[in-house]
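Colleague: First the structure, then my questions, so here it is.
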């Protein structure tokens with residue numbers, strides 16, 4: 001399996017299916033793990049970092065994570081390939097931009113991605129489309145068990161799994177959902193969402209996770225407490241108490257828009273769709289903005305000739321690195337704007 | 001050139017482009033004004049802020065800053081700057097300083113109740129012994145004392161397989 005095989009379509013987690021997919025784009029769980037008897041990454045010498053990378057690469061390729069596993073040596077990969085992995089949510093921006101020996105193992109369906117030598121020696125993540133946190137949590141537990149048969153993880157009887165940053169210690173578990181909240185944004189009620197998140201001790205981040213601004217209509221919501229509760233409790237509270245509350249806010253806002261301003265909504269959605277179908281030059285920001293409106297239109301049943309999976313896929317394939325990969329070479333922003341517009345027209349059936 | 005916030009004189013760190021009715025509107029805001037507008041939110045208390053608050057509370061911070069781990073040699077002061085610990089042993093070496101911080105970052109609980117590795121795993125003592133040897137190995141390699149490095153490598157291997 002090669003990296004180029006990934007670019008032709010979106011990963012499983014973006015297929016636009018799964019429970020509550022009108023609001024929850026994807027579910028993600030991740031575990032932070034470090035090898036016992038080794039310093040944390042920032043205190044490792046380059047030799048030690050290299051030793052870790054080689055050891056973990058070997059184990060990840062041999063352990064049987066999935067039918068197909070791709071390992072990318074990020075120190076040797078091109079900037080474009082690293083950017084591509086960020087756009088696909090398989091590695092963090094920090095991991096793409098670092099300079100030390102590091103890598104990522106990705107399963108063929110892209111539902112599993114394991115970063116080697118990020119902030120911790122291992123950052124295991126499992127992605128699913130829609131609201132499927134329990135399924136994702138079971139899968140990650142299975143992977144953790146598999147790895148644990150071969151690797152000794154740093155563990156403390158009081159503090160649990162030890163991590164480089166104390167905010168991850170204990171379970172090392174972070175659960176998150178990527179939410180599409182266009183109606184809350186439109187009605188100006190998004191502030192309510194932020195406040196509720198704050199009260200519930202949750203983190204809100206942007207589309208690409210840690211360090212990215214929560215702008216636009218997409219928000220990543222995640223737990224912050226990793227110690228003092230079991231993995232099952234963390235997943236269950238988040239799944240049954242936290243997420244439904246935010247889904248309800250958005251659904252109510254959508255219904256209110258439909259009840260009171262349905263013509264205005266149709267106008268916005270239809271204009272967005274025609275712009276996408278006719279533009280000759282388009283930036284990625286404008287694309288995101290318009291696709292978000294169309295996505296809401298599809299979910300509200302106001303647009304019927306566009307498939308949700310196609311819209312989800314466009315969010316990904318119109319990103320800079322993907323466009324350049326599809327076109328097979330570097331392009332200037334102007335060239336990208338043109339290629340992007342053409343690509344969108346082709347996908348939305350207007351050539 | 002640094003762009004100033006649209007609402008106050010602080011440097012802008014949130015840059016937003018909105019397209020409304022075919023018109024492109026650019027907004028440049030500082031963190032506080034962006035949070036005020038509901039564009040970003042500061043729910044995620046960064047570790048640096050937790051540390052800062054903690055230092056303010058703890059009074060004479062100098063003594064804590066000088067605490068050092070005898071395994072990886074990192075000081076609590078260095079941890080405070082970067083927000084990252086140096087090795088697993090730091091949790092014990094800095095326990096006194098870390099506990100109040102964990103309390104705040106982890107919603108008041110400091111006892112792990114979740115998964116325990118099925119395999120008993122190596123004991124804390126053994127893990128720390130290996131960590132120490134690895135530190136010595138790093139120094140030996142740095143000072144080009146390869147004979148000592150080879151001996152240390154053997155010792156590490158022996159301990160790991162025991």
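The values are calculated or read from the model by the stated rules, or taken from the named source; none is laboratory data. Being a predicted model, the structure only gives us computed values, none of them experimental. Cβ placement follows ideal geometry from the backbone for every residue including glycine, while neighbour counts extend to all protein chains displayed.
Colleague: Right, residue A:271: within 30 Å of residue A:81 (Cβ to Cβ) and at pLDDT 95 or above or not?
Modeller: No.
Colleague: While we're on this one: Return the residues of segment A:220-251 that are part of a loop (DSSP other than H, G, I, E, B) and out of contact with any strand residue (DSSP E or B) (no Cβ under 6 Å at 6 or more places or on another chain); say none if nothing qualifies.
Modeller: Matches in segment A:220-251: A:225, A:228, A:229, A:230.
Colleague: For residue A:272, indicate whether it is within 30 Å of residue A:340 (Cα to Cα) and surrounded by fewer than 14 Cβ atoms within 10 Å (Cβ to Cβ).
Modeller: No: the conditions fail for residue A:272.
Colleague: Hey, could you check segment A:132-150 for residues that are assigned to a loop (DSSP other than H, G, I, E, B) and surrounded by fewer than 23 Cβ atoms within 10 Å (Cβ to Cβ) and say which is farthest from the other protein chains (Cβ to nearest Cβ)?
Modeller: Of everything passing the filter in segment A:132-150, A:150 is farthest from the other protein chains (Cβ to nearest Cβ).
Colleague: Can you name the condition, by its number, that residue B:110 falls short on among (1) assigned to a helix (DSSP H, G or I); (2) closer than 15 Å to residue A:170 by Cα; (3) touching a helix residue (DSSP H, G or I) at 6+ places or on another chain (Cβ under 6 Å); (4) free of Cβ contacts under 8 Å to residues at least 24 places away in the same chain?
Modeller: (1)
Colleague: If the requirement is being at the interface with chain B (Cβ under 9 Å from one of its Cβ atoms) and surrounded by fewer than 23 Cβ atoms within 10 Å (Cβ to Cβ), which of these qualifies: A:187, A:157?
Modeller: Selected residue: A:157, the only one of A:187, A:157 that is at the interface with chain B (Cβ under 9 Å from one of its Cβ atoms) and surrounded by fewer than 23 Cβ atoms within 10 Å (Cβ to Cβ).
Results for (1) outside any loop (DSSP other than H, G, I, E, B); (2) more than 8 Å from chain A (Cβ to nearest Cβ); (3) surrounded by fewer than 16 Cβ atoms within 10 Å (Cβ to Cβ); (4) at pLDDT below 65, shown as yes or no for each residue.
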| position | (1), (2), (3), (4) |
| --- | --- |
| B:18 | yes, no, yes, yes |
| B:27 | yes, yes, no, no |
| B:49 | yes, yes, yes, yes |
| B:57 | yes, yes, yes, yes |
| B:64 | yes, yes, no, no |
| B:98 | yes, no, no, no |
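Colleague: When the residues of segment B:138-156 are narrowed to those that are under 16 Å from residue A:51 (Cα atoms), more than 29 Å from the chain's Cα centre (by Cα) and free of Cβ contacts under 8 Å to residues at least 12 places away in the same chain, which ends up surrounded by the most Cβ atoms within 10 Å (Cβ to Cβ)?
Modeller: In this case the residue turns out to be B:150.
Colleague: Quick one: would you say residue A:281 is in a loop (DSSP other than H, G, I, E, B), on the phi < 0 side of the Ramachandran plot and touching a helix residue (DSSP H, G or I) at 6+ places or on another chain (Cβ under 8 Å)? Write out each step before concluding.
Modeller: Values: in a loop (DSSP other than H, G, I, E, B): yes; on the phi < 0 side of the Ramachandran plot: yes; touching a helix residue (DSSP H, G or I) at 6+ places or on another chain (Cβ under 8 Å): yes.
Yes; evaluated as a whole, the condition is true for this residue.
Colleague: Collect the residues in segment A:259-269 that are surrounded by 12 or more Cβ atoms within 10 Å (Cβ to Cβ) and under 14 Å from residue A:293 (Cβ atoms), keeping them in residue-number order.
Modeller: If the condition is that a residue be surrounded by 12 or more Cβ atoms within 10 Å (Cβ to Cβ) and under 14 Å from residue A:293 (Cβ atoms), then A:261, A:265, A:266, A:268, A:269 are the ones that fit.
Colleague: Just wondering, is there one or more residues in segment B:126-140 that are in contact with a helix residue (DSSP H, G or I) (Cβ under 6 Å, 6 or more places away or on another chain), within 7 Å of another protein chain (Cβ to nearest Cβ) and closer than 30 Å to residue A:231 by Cα?
Modeller: Yes, that holds for at least one residue.
Quick grid of which residues meet (1) surrounded by fewer than 19 Cβ atoms within 10 Å (Cβ to Cβ); (2) at pLDDT 85 or above; (3) facing another protein chain (nearest Cβ under 10 Å):
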site	(1), (2), (3)
A:182	no, yes, no
A:197	no, yes, yes
A:200	yes, yes, yes
A:206	yes, no, yes
A:213	yes, no, yes
A:216	no, no, yes
A:219	no, yes, yes
A:233	yes, yes, yes
A:237	yes, yes, no
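Colleague: Out of B:11, B:88, report the one residue that is modelled with pLDDT of 60 or more and within 8 Å of another protein chain (Cβ to nearest Cβ).
Modeller: After ruling out the rest, the residue left standing is B:88.
Colleague: Kindly indicate the residue of segment A:289-298 that is in contact (Cβ under 8 Å) with a residue 40 or more places away in the chain and either in contact with a helix residue (DSSP H, G or I) (Cβ under 7 Å, 6 or more places away or on another chain) or not in a helix (DSSP H, G or I) (or both) and also surrounded by the fewest Cβ atoms within 10 Å (Cβ to Cβ) among those meeting that condition.
Modeller: The residue in question is A:292.
Colleague: Which residues, counting only those in segment A:1-51, are surrounded by fewer than 17 Cβ atoms within 10 Å (Cβ to Cβ) and assigned to a loop (DSSP other than H, G, I, E, B)?
Modeller: A:1, A:2, A:9, A:17, A:19, A:45
Colleague: Still on this structure, I have one more. Do we find that residue A:160 is in contact with a strand residue (DSSP E or B) (Cβ under 6 Å, 6 or more places away or on another chain), at positive phi and in contact (Cβ under 8 Å) with a residue 40 or more places away in the chain in this structure?
Modeller: yes
Colleague: Answer yes or no: is there a residue in segment A:167-175 that is farther than 19 Å from residue A:226 by Cβ, at the interface with chain B (Cβ under 8 Å from one of its Cβ atoms) and modelled with pLDDT under 95.
Modeller: At the first step, the residues of segment A:167-175 found to be farther than 19 Å from residue A:226 by Cβ are none.
There is no residue in segment A:167-175 that is farther than 19 Å from residue A:226 by Cβ, at the interface with chain B (Cβ under 8 Å from one of its Cβ atoms) and modelled with pLDDT under 95.
Colleague: Same structure again: Pairs under 7 Å by beta carbon, first residue closer than 18 Å to residue A:272 by Cβ in segment A:329-343, partner at pLDDT 95 or above and crowded, with 18+ Cβ neighbours inside 10 Å, six or more apart or different chains?
Modeller: Note: pairs meeting the criteria are A:337/A:282; A:340/A:282; A:341/A:279; A:341/A:282.
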